[in-house]
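Heads up: the structure comes next, in structure tokens.
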Amino acid sequence: MHDPMTPSTASAARPCLRLPPETLHLPFEAGPFRMAMALVAQDPSELIELDDRYPAEAAERRALLEARHADVFAACPGSEAARAQVLDRLAEFLPARFPALFERENATLRNRITGEDWNLADPPHDPLEIAGRLVQEDLCIIRPDPRGPVLDAAVLCFPSRWRLADKIGRPLAAVHGPVPLYADRLAAPVDRFMTHLRPGKLAVRLNWSVMDDAALFQPGGKFRMTPNEAVTASNAGETTWLRVERQSLSRLPCGSVLFGIRVHVYPLSTLAGLPQEAARLAHAIRSLPPEIATYKSLAAVRDPLLGWLDAQSAPIA
């Protein structure tokens, strides 16, 4: 099915809209490596991020959902209520949080950025898919289960080197099975947090990687060891990218957890004018256990990356 577009709305609304600039998240820190959840409580009004990357990212999400639907959308039987609740939440949240950008009129949700009108009473796609077309976040639903929390449904357009089809319907401990140290250090705390997250609360964490590919859609690429000869200490700022995930967790009325993933991709050159941040990233990379560095495929770029960062660095205050 095609997107329900109203051309007159699109042409009239878009030119006058001003979107905020993308937030620069720099979550790495100097010091010994710590495998931790590092969750921070935030106001529920910060459920999603919305910025000037929205038009391009919304277009890419739409294209992926149309051309590669099986790769970016999956849902287990029984997740219907949770999927509907995600759309219900966003249909209420977006017009209240961003009234200049979204408008709700009875059963119609108008996206003034894209010019789309969504009929919520008779949606043309799965409710979770529509939710994934409305925001820049990927949206995963985590269902409580005696085996441990289970990945029950997701719209995942911008995976950081993992495949939704490999993970859907599996407990989180199995979903994170390839992650070094996860089973020993994080599996129990994550499962416990998912059980005790209270309704009305929002928790956020940040996760970072450095990659030699700027693409948002990256379903593969873990554990690479072969060096990328195109990346050098002189050009790493232009040939590698800092990829940061802002991950958010909140409880749905049905009891499942909504796990949002907003992916930011910054050229490493962003750190050229931030010498202490460059030093922190270099220190964080050097502090990674070998198995974590291998999991992140840092071997492909590690030496030239550190050479570039060291040239930009200043002593950490």
Q.
Checking Arg286 against (1) charged (D, E, K, R); (2) touching a Pro at 6+ places or on another chain (Cβ under 9 Å); (3) closer than 26 Å to Val179 by Cα: exactly one of these is not met. Which one?
A. (2)
Q: Say whether the condition of being buried (at least 20 other Cβ atoms within 10 Å of the Cβ), within 16 Å of the chain's Cα centre (by Cα) and of a type in the set (Asp, Glu) is met by at least one residue in region 138-148.
A: yes
Q) Would you pick out the residues in region 252-294 that are open to solvent by less than 40 Å² (accessible area, probe 1.4 Å) and in a helix (DSSP H, G or I)? A) Leu268, Leu271, Ala278, Ala279, Leu281, Ala282, Ala284, Ile285, Ser287, Ile292, Ala293
Q: Could you please find all residues in region 231-251 being in a strand (DSSP E or B) and either of a type in the set (Lys, Arg) or open to solvent by less than 40 Å² (accessible area, probe 1.4 Å) (or both)?
A: Leu242, Arg243, Val244, Glu245, Arg246, Gln247, Ser248, Leu249, Ser250, Arg251
Q | Neighbours by Cβ (under 7 Å, 6+ apart or cross-chain): first from region 29-57, modelled with pLDDT under 95 and small (Gly, Ala, Ser); second open to solvent by 40 Å² or more (accessible area, probe 1.4 Å) and not in a loop (DSSP other than H, G, I, E, B) | A | Ala30/Arg280; Ala30/His283; Ala38/Arg205
**Q.** region 234-259, residues that are over 16 Å from Val190 (Cβ atoms) and either at pLDDT below 95 or touching a strand residue (DSSP E or B) at 6+ places or on another chain (Cβ under 6 Å) (or both)
**A.** Thr240, Trp241, Leu242, Arg243, Val244, Arg246, Leu252
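Conditions (1) out of contact with any helix residue (DSSP H, G or I) (no Cβ under 9 Å at 6 or more places or on another chain); (2) among the basic types (Lys, Arg); (3) open to solvent by 10 Å² or more (accessible area, probe 1.4 Å), marked per residue:
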| position | (1), (2), (3) |
| --- | --- |
| Glu57 | yes, no, no |
| Ala91 | no, no, no |
| Pro99 | yes, no, yes |
| Thr108 | yes, no, yes |
| Asp126 | no, no, yes |
| Ala131 | no, no, no |
| Ala153 | no, no, no |
Q) When region 155-197 is examined, which residues are found to be open to solvent by 20 Å² or more (accessible area, probe 1.4 Å), within 21 Å of Val86 (Cα to Cα), in contact (Cβ under 8 Å) with a residue 60 or more places away in the chain and part of a loop (DSSP other than H, G, I, E, B)? A) Ile168, Gly169
Q.
So, Leu19, is that one closer than 23 Å to Ile285 by Cβ and either assigned to a helix (DSSP H, G or I) or at pLDDT 95 or above (or both) or not?
A. no
Q. Applying the selection to region 240-285, what residues are more than 19 Å from Gln136 (Cα to Cα), among the polar types (S, T, N, Q) and in contact (Cβ under 8 Å) with a residue 60 or more places away in the chain?
A. Thr240, Ser256, Thr270
**Q.** Checklist (1) on the phi > 0 side of the Ramachandran plot; (2) of a type outside the set (Asp, Glu); (3) open to solvent by less than 40 Å² (accessible area, probe 1.4 Å) applied to Gly78, failing item
**A.** (3)
Q: Would you mind stating whether Ala272 is of a type in the set (A, V, I, L, M) and modelled with pLDDT of 95 or more?
A: yes
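The values are calculated or read from the model by the stated rules, or taken from the named source; none is laboratory data. Everything quoted here is computed from the prediction, not taken from an experiment. A quick note on method: Cβ atoms are made from the backbone with ideal geometry, for glycine too, and the neighbour counts reach across all protein chains shown. Ligands, DNA and RNA are excluded from the accessible area calculation, which covers all protein heavy atoms including side chains. Shrake-Rupley method; radii C 1.70, N 1.55, O 1.52, S 1.80 Å.
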